[in-house]
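Structure first, commentary second.
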Amino acid sequence: MFNFLGKYYPLYLNGTAQTIIISIIGVLIGLLLGITIVMLRLSEHKFARAIAKTYVAILRGTPSMIQVMLIYYVLSGLITIPPIQILGASLDRVIPGAIALGLNSGAYVSEILRAGVTSISVGQTEAGLSLGLSPKTTLYQIVLPQAIRNVVPALGNEFITLIKESSVLFYIGVQEVTAQALGIGGTLYNFIPPLLVAGLIYFILTSLMSQVMTLVEKRLGRKYRQVA
Amino acid sequence: MTQTRIEVSHLNKTFGQQLILKDISFKVVPGEKVVLIGPSGSGKSTLLRCLNRLESPTTGKVAFDGQDISQLEGPKLWQLRQQIGMVFQQFNLFPNKTVLENITFAPRQLKKVPTEAANEQALALLQQVGLADKANTYPQMLSGGQQQRVAIARALAMKPKLMLFDEPTSALDPEMVAEVLQVMKQLADAGMTMVIVTHEMGFAEQVADQVLFLADGELLDQGGPDQVFHHSQNQRTRSFLKQLS
C-alpha cells in the first residue's frame with residue numbers, strides 16, 4: 001500500500017520542509033503581533049483599544065482560507081517577491097502565506113494573552129501600584145510574566161492549530177505537505193495512502209510542538225515548585 | 001515643615017448611586033498611629049485606599065504633607081505612592097519572585113538602587129521581621145504569617161513616610177496573628193506613622209494614639225483609645241465593641 005513512498009518520498013520531504021518553514025514564521029509573527037495587539041487592547045487609550053478589538057473581530061470572524069487568498073493577491077499586487085527557491089519552497093508564495101497565517105494567529109494569541117492577564121488577581125496590580133510602580137510597569141513586569149505562564153498550554157494549542165491550518169496554503173500554490181499528498185494521490189489515482197502519510201507527518205510535527213511547549217511550561221513553572 | 005502627614009477633609013465617596021463614605025474629616029500627624037474600626041462594609045478599607053489613591057475621593061480633600069492629593073494623576077501619583085507603604089489582607093506577594101526579589105524589586109526599579117545595596121537592605125529588613133533565613137524562598141513556601149511579614153518588609157523597602165494596613169491579620173490562622181502584630185508593634189515603637197484597619201481590638205488599644213469608629217460610611221466616634229474603648233458616649237460604638245468581646 002505504501003510502496004509509492006520509495007519513489008515519492010522526496011516530495012514529502014520538500015512538503016514537510018515548507019510546512020515547517022511556514023509554521024515557524026507564522027508562529028513568530030503571531031506571537032509578536034499577539035503581544036502588540038494585547039498591549040493595544042489593555043492600553044488606556046480608547047482609540048488603541050478600538051483598533052485591537054476591530055482587528056480581533058475581523059480576523060477571528062472570517063475564514064482563514066479567504067484571508068490567505070486575499071493577502072496573497074493583495075501582496076503580490078503591491079510588491080514583487082522574486083520566486084527564489086529555498087528547500088523546494090518558492091518564496092513569492094511562501095512569504096505571503098506565512099504572513100497570512102501569522103496575522104490570523106495574532107488575533108487568537110492576543111485573546112489568549114488577555115485571558116491570562118485577567119486570570120491574575122487584582123491584588124497583584126494593587127501591590128505593584130501601591131509600591132509606586134506605574135500602571136505600565138506593573139502590567140509588564142508583574143502581571144504579564146505571571147499571565148504568560150498561565151497561558152502556555154493555551155498558546156501551545158494555538159501553535160498546533162497553526163501547523164494544521166497551514167494546509168490552507170495549498171490554495172495559493174504553496175507546495176506544503178497537503179499539496180504534495182494531493183499531487184501524489186492524483187498521479188496514483190488513489191488518494192487514501194498519500195493522505196494517510198500526510199496525516200502522519202502533521203501528527204509528528206504537532207507532537208514535536210507539544211513536546212516543546214511542555215518544556216517551556218516546565219521551565220516557566222520551575223520557580224513555583226522550588227522547595228525552600 | 002508640615003505638622004500633618006495626612007489631612008482628610010469632608011471626603012465623600014460614591015460607587016454609582018451608593019454613598020460609601022460620608023463627609024469624613026480627620027488628621028494624622030507624623031509618628032501617630034491611627035486605628036480604623038467598625039463593622040464590615042462600613043467603608044474602612046475604602047477610606048484607607050483613598051489615602052494612597054487606590055481609590056479616588058468623589059468630593060472632598062486628602063492632603064499628604066500639606067499637598068492636596070485627591071486629584072493627582074500620572075507620574076505625580078506614582079511618586080506619591082512611593083512614599084506610602086501598603087499592606088494588604090491577602091499579602092499580594094509576587095509569586096514568581098523570591099522573597100528577596102519581592103523586597104528589592106521596587107527600590108531597584110524606582111530608585112535605581114544597585115542590586116547589591118538593595119539586597120543588603122532587604123536582608124536587614126528580613127532580619128527585622130525575623131525571616132532572614134527565607135531570603136531565597138518563594139512566597140508559596142511560606143506560612144500566611146511569614147508572607148505577611150515579608151509584605152511588610154517589601155513596603156518598608158521604599159522607606160515610606162506612612163504605612164497603611166488593610167486588615168493585615170484577617171486572612172491569617174489564629175496562631176499566626178501574634179507574629180504579624182508583633183512586627184507591627186515594633187514598627188509603631190520605632191516611630192512609623194501608621195493607619196491601620198483592624199478587628200484586633202487588643203492590639204488597637206495598645207498601639208493607637210487615635211481611634212476612629214466608622215459605621216455606614218460615617219465617622220461616628222473619634223478619640224484616644226481609652227476614650228473610645230471604655231468611655232464612649234456613642235451608642236453604636238458601645239454596641240459594636242460589646243459584640244466583639
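Being open to solvent by 50 Å² or more (accessible area, probe 1.4 Å), of a type outside the set (S, T, N, Q), over 24 Å from A:V109 (Cβ atoms) and part of a helix (DSSP H, G or I): is that true of A:Y73 here? Step through it out loud before you land on a result.
Working: open to solvent by 50 Å² or more (accessible area, probe 1.4 Å): yes; of a type outside the set (S, T, N, Q): yes; over 24 Å from A:V109 (Cβ atoms): yes; part of a helix (DSSP H, G or I): yes.
Taking the combined requirement at face value, the residue satisfies it.
If the requirement is being surrounded by 21 or more Cβ atoms within 10 Å (Cβ to Cβ) and more than 14 Å from chain A (Cβ to nearest Cβ), which of these qualifies: B:F203, B:F165? Don't jump to the end; show me each part of the working.
Numbers: B:F165 fails: more than 14 Å from chain A (Cβ to nearest Cβ).
When all the criteria are applied, what remains is B:F203.
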State the number of residues belonging to the range B:119-138 that are under 23 Å from A:R222 (Cβ atoms), touching a Pro at 6+ places or on another chain (Cβ under 9 Å) and modelled with pLDDT of 95 or more.
-> 1
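With B:L48, B:L11, B:L19 as the choices, which residue is under 27 Å from B:R238 (Cβ atoms) and open to solvent by 20 Å² or more (accessible area, probe 1.4 Å)? Please lay out each step first, then the result.
On the way: B:L48 fails: open to solvent by 20 Å² or more (accessible area, probe 1.4 Å); B:L11 fails: open to solvent by 20 Å² or more (accessible area, probe 1.4 Å).
From the options B:L48, B:L11, B:L19, the qualifying one is B:L19.
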Residues satisfying the stated conditions in the range B:88-101, i.e. free of Cβ contacts under 8 Å to residues at least 60 places away in the same chain and either more than 9 Å from chain A (Cβ to nearest Cβ) or within 21 Å of B:A178 (Cβ to Cβ) (or both) = B:V99, B:L100, B:E101
Over the range B:33-45, the set of residues open to solvent by 30 Å² or more (accessible area, probe 1.4 Å) and of a type outside the set (G, A, S) is B:P39
Could you check the range A:113-190 for helices (runs of 4 or more DSSP H) lying wholly inside it with 1 or more residues that are open to solvent by 10 Å² or more (accessible area, probe 1.4 Å), farther than 20 Å from B:Q109 by Cβ and away from chain B (no Cβ under 13 Å)?
-> A:144-165, A:177-188
Over the range A:15-51, the set of residues surrounded by fewer than 18 Cβ atoms within 10 Å (Cβ to Cβ) and of a type outside the set (A, V, I, L, M, F, W, C) is A:T36, A:S43, A:E44, A:H45, A:K46, A:R49
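Anything in the range B:75-87 that is open to solvent by 20 Å² or more (accessible area, probe 1.4 Å) and within 9 Å of chain A (Cβ to nearest Cβ)? List them, or say none. So that I can check it myself, show each step before the final result.
As a first pass, look at the range B:75-87 and keep what is open to solvent by 20 Å² or more (accessible area, probe 1.4 Å): B:75-76, B:78-79, B:82-83.
Those that are open to solvent by 20 Å² or more (accessible area, probe 1.4 Å) and within 9 Å of chain A (Cβ to nearest Cβ): B:P75, B:W78, B:Q79, B:Q82, B:Q83.
Identify the residue in the range A:76-88 that is assigned to a helix (DSSP H, G or I) and of a type in the set (G, A, S) and, among all such residues, is surrounded by the most Cβ atoms within 10 Å (Cβ to Cβ).
Quick first cut of the range A:76-88, residues assigned to a helix (DSSP H, G or I) only: A:76-78.
Cutting the leftovers down to of a type in the set (G, A, S) gives us A:76-77.
Details: A:S76: 15, A:G77: 8.
Per the stated criteria, the residue is A:S76.
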Looking at (1) over 17 Å from the mean Cα position of the chain (by Cα); (2) within 13 Å of another protein chain (Cβ to nearest Cβ), find the lone condition where B:R49 falls short.
-> (1)
Filtering the range A:199-211 for residues that are out of contact with any Phe, Trp or Tyr (no Cβ under 6 Å at 6 or more places or on another chain) and in contact (Cβ under 8 Å) with a residue 24 or more places away in the chain leaves a count of 5
Which residues, counting only those in the range B:209-231, are outside any strand (DSSP E or B) and open to solvent by 10 Å² or more (accessible area, probe 1.4 Å)?
-> B:D209, B:D216, B:G224, B:P225, B:D226, B:Q227, B:F229, B:H230, B:H231
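Please indicate, with yes or no, whether at least one residue in the range B:57-74 is facing chain A (nearest Cβ under 9 Å), at positive phi and either in contact (Cβ under 8 Å) with a residue 24 or more places away in the chain or open to solvent by 50 Å² or more (accessible area, probe 1.4 Å) (or both). Give the steps one after another, and end with the answer.
Initial filter on the range B:57-74 (facing chain A (nearest Cβ under 9 Å)): B:74.
Now drop any that are not at positive phi, which leaves B:74.
The next check asks that each one be either in contact (Cβ under 8 Å) with a residue 24 or more places away in the chain or open to solvent by 50 Å² or more (accessible area, probe 1.4 Å) (or both); those that pass are none.
Checked the range B:57-74: no residue is facing chain A (nearest Cβ under 9 Å), at positive phi and either in contact (Cβ under 8 Å) with a residue 24 or more places away in the chain or open to solvent by 50 Å² or more (accessible area, probe 1.4 Å) (or both).
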For residues in the range B:125-157 being open to solvent by 30 Å² or more (accessible area, probe 1.4 Å) and outside any helix (DSSP H, G or I), which is farthest from the other protein chains (Cβ to nearest Cβ)?
-> B:G130
Over the range A:191-217, the set of residues within 18 Å of the chain's Cα centre (by Cα), under 18 Å from A:L11 (Cα atoms) and surrounded by 12 or more Cβ atoms within 10 Å (Cβ to Cβ) is A:I201, A:Y202, A:L205
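The values are calculated or read from the model by the stated rules, or taken from the named source; none is laboratory data. Please read these numbers as outputs of a predicted model, since none were measured by experiment. Positions of Cβ are generated from backbone atoms using ideal geometry, with glycine treated the same way; all protein chains shown enter the neighbour counts. Only protein heavy atoms, including side chains, enter the accessible area calculation; ligands, DNA and RNA are left aside. Shrake-Rupley method; radii C 1.70, N 1.55, O 1.52, S 1.80 Å.
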